[in-house]
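Trainee: After the C-alpha cells below, expect a handful of questions from me.
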Amino acid sequence: MFTPFVDLADPPVRGFLHAPAQPNGSAIVLTHGAGANCQSKLLIEISDAFAAAGFTALRFDLPFRSERPAGPPRPGSAPRDREGLRRAVALMKEKGRGPIFLGGHSYGGRQSTILVSEDSQLVDGLLLLSYPLHPPRKPDQLRTSHFPKLKTPAFFAHGTRDPFATIAEMESALKLIPAAHALVEVEGAGHDLLTKKTLGELPARVVSEFQTFVRK
C-alpha cells in the first residue's frame, strides 16, 4: 500500500510513500526517466517490492515533471532536478536514522549518480535501473565523465536489449567506478526493463540482489 507524499518547499517533492508492514529501518528514494513520471509501472512495482522487504520507499516526480506534465526535461533543468533528489533524500532522513539509498530509472538514475559523485556522504548506496550510457545509435557519446568520482556503492540492472547500451558496453563503463559496483542482466528486456516474462519476478529479484550487494 502507498499514500500520497507532498512537500511544497523549493523544489517541491511530490510522489507516493510505500510504508512497510515490518520496517527494517532502511529507506530508498526512487525517481523516473525523462519521458515518464513516478506513476510508471516499473517504479510502482519496484517500490512495492522494497516495501515488502522492509524498506520505506518514496517514489517521486523530479522538478521538471512537476513543472510540466509531459515532454522531456528542458535544457539546463538537470541541476534543479538534482536539487529535487537532494531534498527528497533529506526528507526521508528526517523520518529515520537507518541506511538510505537513492536511484531511479534512466535519466533519474543518471542524475542520481551525478549528484552522489559530488557528495559521497549523501546516501549509503545507489540503485540504477537502465542507466542511459549513451543515446541510442550514438555509442561514442558516453555519459561517464563523473564515474571516476563515484565513491558510493552502485548497483545496476540493465536489459540485454536496451538501445542505450549493450551489456558489454555497461561492463566496460563500470570499470571507471572506483566504488563497489554490480551489474545484473535482465534477459530479453529493453529500456523499460519490464516484459511479460520479467514482470512477475523482476522487482523481487532486483530488491533481493540489491540487499545482498549493499550488505557486503
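The values are calculated or read from the model by the stated rules, or taken from the named source; none is laboratory data. It should be emphasised that the depicted structure is a prediction, and the values quoted were computed from it without experimental measurement. Backbone-built Cβ (ideal geometry, glycine too); neighbour counts: all protein chains shown.
Trainee: Can you name the residue in segment 85-126 that is buried (at least 19 other Cβ atoms within 10 Å of the Cβ), within 19 Å of R215 (Cβ to Cβ) and small (G, A, S) and is also modelled with the lowest pLDDT among such residues?
Mentor: Across segment 85-126, the extreme among qualifying residues is G103.
Trainee: If you go through segment 190-216 one residue at a time, how many are modelled with pLDDT under 95 and among the small types (G, A, S)?
Mentor: Looking only at that region, the number is 1.
Trainee: Can you name the residue in segment 142-157 that is closer than 17 Å to H191 by Cα and of a type outside the set (G, A, S) and is also surrounded by the most Cβ atoms within 10 Å (Cβ to Cβ) among such residues? Break it down stepwise before answering.
Mentor: Within segment 142-157, the subset closer than 17 Å to H191 by Cα is 142-143, 155-157.
After this cut, where a residue has to be of a type outside the set (G, A, S) as well, the list is 142-143, 155-156.
Numbers: L142: 16, R143: 17, F155: 23, F156: 25.
Across segment 142-157, the extreme among qualifying residues is F156.
Trainee: Something else about it: Can you pull out the residues in segment 143-183 that are touching a helix residue (DSSP H, G or I) at 6+ places or on another chain (Cβ under 7 Å), within 19 Å of A34 (Cα to Cα) and of a type outside the set (F, W, Y)?
Mentor: R143, T144, A157, H158, listed by residue number.
Trainee: Out of all the residues in segment 147-167, which are under 14 Å from L126 (Cβ atoms) and among the small types (G, A, S)?
Mentor: A154, A157
Trainee: Say whether the condition of being touching a His at 6+ places or on another chain (Cβ under 6 Å), crowded, with 22+ Cβ neighbours inside 10 Å and of a type outside the set (A, V, I, L, M, F, W, C) is met by at least one residue in segment 47-55.
Mentor: Yes.
Trainee: Follow-up question, since we're still on this one. If you check G200, G190, which single one turns out to be within 19 Å of P136 (Cβ to Cβ) and free of Cβ contacts under 8 Å to residues at least 40 places away in the same chain?
Mentor: Working: G200 fails: within 19 Å of P136 (Cβ to Cβ).
The unique qualifying residue is G190.
Trainee: Kindly check whether there is at least one residue in segment 59-82 that is more than 25 Å from F164 (Cα to Cα) and crowded, with 23+ Cβ neighbours inside 10 Å.
Mentor: no
Trainee: Look at S130 and say whether it is at pLDDT 95 or above, in contact with a helix residue (DSSP H, G or I) (Cβ under 6 Å, 6 or more places away or on another chain) and hydroxyl-bearing (S, T, Y). Even if it seems obvious, please write down each step before you answer.
Mentor: Values: at pLDDT 95 or above: yes; in contact with a helix residue (DSSP H, G or I) (Cβ under 6 Å, 6 or more places away or on another chain): no; hydroxyl-bearing (S, T, Y): yes.
When the stated conditions are applied, S130 does not pass them.
Trainee: Related question: Out of the residues in segment 186-211 that are charged (D, E, K, R) and under 16 Å from the mean Cα position of the chain (by Cα), which is nearest to K151 (Cα to Cα)? Steps first, please.
Mentor: The first filter runs over segment 186-211 and keeps only residues charged (D, E, K, R), leaving 187, 192, 196-197, 201, 205, 209.
Remaining after also requiring under 16 Å from the mean Cα position of the chain (by Cα): 192, 205, 209.
On the way: D192: 27, R205: 25, E209: 20 Å.
Among those residues, the one meeting the criterion is E209.
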